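Presented below is the structure to which this report refers.
The values are calculated or read from the model by the stated rules, or taken from the named source; none is laboratory data. Please read these numbers as outputs of a predicted model, since none were measured by experiment. Neighbour counts run over all protein chains shown; Cβ positions are idealised from the backbone, glycine included. SASA here: full protein model, heavy atoms, side chains in, ligands and nucleic acids out. Shrake-Rupley method; radii C 1.70, N 1.55, O 1.52, S 1.80 Å.
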Amino acid sequence: METKVALVKPTLALKDAYLSFYQEWAESGEDMVPWVISKEPADFQGMLQFLEANESGENLPKGWVPDSTFWLVAGDERIVGAVNIRHALTEKLLNSGGHIGYGIRPSDRRKGYAGKLLGLALVEARKLGIRKVLVVCDESNIASERTILRNGGVPDTPYTEENGNVVMRFWI
């Protein structure tokens, strides 16, 4: 039986589920993607307020754009992924960040969640008025590239960062 999934706004009601998600990722030693999940959640209410302020564009660092964060919840209360949708593109985001950054909890990868997460995130991006969505991944991340292509991604010119990392860019 397929697990029901939904994109939800971060909420205090999911604190325990989120702390489990965060802890697993932190213990894996992997980079936390999207960047927003690397925010230490000890002050959970403060973290939620930070996310709300980012969405409304309050107190953003210079050069940043408003963004919306959602959690992918499977079943009743297991957070299996997170997505951050940037409402606009700066030059840096156009080159190597894109509109949508997403990640799946290490123990829940290879189960089809990334495709569902990206598909739901595209719906949210449309609600924000974003008609052409840029999604990127590192050249080495074949799984992410496949997920983007399965969701209608059309390849654009790759971007090479200063450190030599090649970022694959796709428009949906």
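Looking across region 118-131, the residues that are of a type in the set (G, A, S), open to solvent by less than 40 Å² (accessible area, probe 1.4 Å) and closer than 21 Å to S56 by Cα come down to A121, A125. Listed by first and then second residue, the pairs linking a residue in region 123-137 that is touching a residue at least 12 places away in the same chain (Cβ under 8 Å) to a residue that is of a type in the set (D, E, K, R), with Cβ atoms under 6 Å apart and 6 or more places separating them unless they lie on different chains, are V136/R169; C137/E145.
Filtered by the rule that a residue be on the phi > 0 side of the Ramachandran plot and open to solvent by less than 20 Å² (accessible area, probe 1.4 Å), region 98-117 gives a lone residue, G98.
Total residues in region 98-113 satisfying the condition of being closer than 15 Å to I172 by Cα and assigned to a helix (DSSP H, G or I): the figure is 0. The combined condition, being closer than 19 Å to W35 by Cα, of a type in the set (S, T, N, Q) and under 17 Å from the mean Cα position of the chain (by Cα), is fulfilled by S144.
Listed here are the residues, each with its yes/no results for (1) under 17 Å from P10 (Cβ atoms); (2) within 15 Å of the chain's Cα centre (by Cα); (3) at pLDDT below 95.
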residue: S56; (1), (2), (3): yes, no, no
residue: I79; (1), (2), (3): yes, yes, no
residue: V133; (1), (2), (3): no, yes, no
residue: I148; (1), (2), (3): no, yes, no
residue: V166; (1), (2), (3): no, no, no
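Total residues in region 44-56 satisfying the condition of being out of contact with any Phe, Trp or Tyr (no Cβ under 9 Å at 6 or more places or on another chain) and free of Cβ contacts under 8 Å to residues at least 24 places away in the same chain: the figure is 7.
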